[in-house]
Structure formats: C-alpha cells, structure tokens
Amino acid sequence: MSVAHLLEHATPYHESGFFGNKLMFGWRNLIKIKHIPEQFMDVLITPIMFTFMFTFIFGGALAGSTKAYLQFFVPGILVQTLTFNAMYAGININNDVSKGIFDRFRSMPIWLPAPLSGIFIGDFFRHLISGILVLLFAFLIGFRTEAGILAFAVSFVIMIFFAMSISWVFIIMGLTMRSSSAVMSFGWLILMPWYLCPIYLPILQPCQLAANIYFIQPAGMAGRCGTGLLAGTFPGKEIFTALGASLVLSAVLFPITIWFYKKER
C-alpha cells in the first residue's frame, strides 16, 4: 500500500463535531489566560480602578454622596467594563492572523466560525469575572440594592450579550488591520463617543442632546436596563429594548464578519 494511497484515505481517529469544535477553541482561549496571565491583569484591575475613581472623585459632586451616586453608577460602570473587554476579541484574532495561526485554522476540516466562537467562550468568562469584581467592590464601598439573585442574573446575561454583540466590531477590525495596537487605537476611537451620553449621571435635564443619545444608542439601552434590574424591578420595556439592540447588532455584523473571515488578506 503506497504512501499516496494512505494519505488520500486518511481520516482522523476522533472526529469532532459542531459542539466539539466550539469547545476546543473555547478551551484554547481559556488556556491563553494560564500561559499569559499578564494580559488578564487589566481585566481585574481596570474595573476596580474606574469604580473607585468615579465614585470618590465625582460621586459627591454629582449626587451629594458617594453612596447615593453608587445606586445609579454601578449599572453604568458594568456596561463600560464589559464593553471595554470586548476589544480583546479583536486583539486576540489579530494576533492569530499575524502569527499565521489564522491560515492553519481555515485549512482544517472544522466548522468555519469555530475559532470565532472560541473567542466568545473565552470572552464570556472574561466578562463574568470583571462584572463580579465590579459588583463586589461596589458592595464593599457602599452599594446596596433590594434586587434578588434573579435580577442580578438577568442583568448579567443582558449586559454580557450586549458586550458580545459589540465584539463583532472589534473582530472585523482584528481581521482587517495590520497590528493589535491599531485595533486598540481605533477601538478607543469607536468606544469613547458611546460614553458621551450620561450613562454615569443621575440627571439628564441639563443636556438634552446627551439625554437623547442616552435613549437611542445601545450602551444607554443596556445601562437603563441594568439600572432598573439592579434597583429591584423588572423593567420589561428596557429589557426588550436592550436585547433587541444586541440582536440587531449581531444580525448585521455577523455576516460581515464571516465575509472578512473567509476573504484572503
């Protein structure tokens, strides 16, 4: 039997299916944290730093006391933290492209978007850890709520889903830009205008333009939803609006991402 015949009829000993591909790439992204723990440090430190800075520098001036400010501020900082984390999806895939791993993945007999789904599995745990850290630190410095476990769970699901829908933007950037530093630089340019709306402020009247932006853009929708849920209520309209915005973003950006993913660079 010739070598050519063996290669022609070669099959893997263990065939991995749809879910096997996703879990394999998800595990790959989690392993990165173990081998390169320093890339996870800002996910642990930045949420606490922003929460401390906004609360103790601006809280008293904006709401009269830091405790009063925390009641409004916590959902906003959760949205900010998870959205900033979404940038790592683009940075990770850009690193794969730069190292040539991207081309090897595309040549493998796997489900085409499996490497992308692996990034989202890794990001889910990144978002979850960051969000829990923000809440723990907020409770430590005075945040209190009557919301139950269900309200916290729903708010986390909605905010993480929102952050993942934003990840498509950064994945497209990671597939098209030449370096991870370019992804980060342009990512900040995209993210910062989102926070021109008063997502951190309890009063909207002084600036009607900012108030309008707050109500029509996705970050504001997720922030309002989180504010209601963490206050102990279940605001049906805000929940529906936040989920709808995330679904629309994903539906629009997913096919664009796949097109760039399949396209030769």
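No lab work stands behind these numbers, since they all come straight from the coordinates. Just so we're clear, the structure is a prediction, and the values are computed from it rather than from any experiment. Neighbour counts run over all protein chains shown; Cβ positions are idealised from the backbone, glycine included.
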Run down the lysines and flag those whose C-alpha is under 28 Å from the C-alpha of Lys32, throwing out any fewer than 8 positions away in its chain. Lys22, Lys99, Lys262, Lys263
Output the peptides 219-226, 146-153 sorted from most to least packed, where packing is the average of other Cβ atoms within 10 Å over each peptide's residues. 219-226, 146-153
